[in-house]
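Please read the structure below before turning to the comments.
The values are calculated or read from the model by the stated rules, or taken from the named source; none is laboratory data. Values in this document were obtained by computation on a predicted structure and should not be read as measured data. Every residue, glycine among them, receives a Cβ derived from its backbone with ideal geometry; neighbour counts consider all protein chains shown. Side chains included, ligands, DNA and RNA excluded: accessible areas come from the protein's heavy atoms. Shrake-Rupley method; radii C 1.70, N 1.55, O 1.52, S 1.80 Å.
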Amino acid sequence: MDIKETLMQDLKYAMKDKDTIRKNTVTMIRSAILQFEKDNLTELDEEGVLDIIAKELKKRRDVLPEYEKSGRDDLIGDIKREIEILLAYLPKQLTMEELEVIVSEAIAETGATSMKDMGKIMATVMPKTKGRADGKMINAIVKEKLS
């Protein structure tokens with residue numbers, strides 16, 4: 001079963017279980033996929049759907065600190081639950097240790113020595129970690145290794 005079918009099944013189960021957060025999250029993913037397909041007149045494959053889910057996950061992770069700063073405790077729990085739901089559709093996320101190994105290999109592969117080479121490293125690392133790691137985390141590891 002592909003991801004689109006899984007999303008449809010999960011939507012049905014969420015509606016039966018009256019799980020509002022899961023229902024809203026799955027609906028949001030499905031609408032983002034549909035919007036992309038309509039805008040680009042194409043049908044997304046599995047990788048494209050995973051990209052959409054990863055973008056939605058990034059949005060949630062980016063907004064979470066803002067809610068925490070403003071003391072919106074009522075929304076923080078919902079956002080954390082949405083993040084968990086989105087992570088369930090993505091491939092297993094890489095650990096810090098695995099990311100450090102990938103970044104070290106990329107540094108050796110590109111011969112990078114300074115922060116000026118950051119673009120080369122990121123261009124090498126990002127395809128290897130697509131959908132399995134947050135770009136900010138990778139960026140931080142690269143900066144740490146190069147400094």
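Pairs only if they're at least six apart or on different chains, beta carbon under 7 angstrom, first in the stretch 25-40 and free of Cβ contacts under 8 Å to residues at least 24 places away in the same chain, second surrounded by fewer than 15 Cβ atoms within 10 Å (Cβ to Cβ) and not in a helix (DSSP H, G or I); list them, first residue then second. Within 7 Å, the pairs are GLU37/GLU43. Residue-level analysis places MET8 outside the set of residues that are open to solvent by 80 Å² or more (accessible area, probe 1.4 Å) and more than 17 Å from the chain's Cα centre (by Cα). Just one of the numbered conditions (1) of a type outside the set (Ser, Thr, Tyr); (2) part of a loop (DSSP other than H, G, I, E, B); (3) open to solvent by less than 50 Å² (accessible area, probe 1.4 Å); (4) closer than 30 Å to THR27 by Cβ is not true of ALA112: (4). Among the residues of the stretch 90-99, at least one is in contact with a helix residue (DSSP H, G or I) (Cβ under 6 Å, 6 or more places away or on another chain), part of a helix (DSSP H, G or I), open to solvent by less than 40 Å² (accessible area, probe 1.4 Å) and touching a residue at least 24 places away in the same chain (Cβ under 8 Å). Screening the candidates ASP117, ASP74 for the property of being modelled with pLDDT under 90, open to solvent by 40 Å² or more (accessible area, probe 1.4 Å) and not basic (Lys, Arg) yields one hit, ASP74. Filtering the stretch 45-71 down to residues that are in contact with a helix residue (DSSP H, G or I) (Cβ under 8 Å, 6 or more places away or on another chain), over 18 Å from ASP134 (Cα atoms) and without any contact (Cβ under 8 Å) to a residue 40 or more places away in the chain, which residue is most open to solvent (accessible area, probe 1.4 Å)? The residue in question is GLU68.
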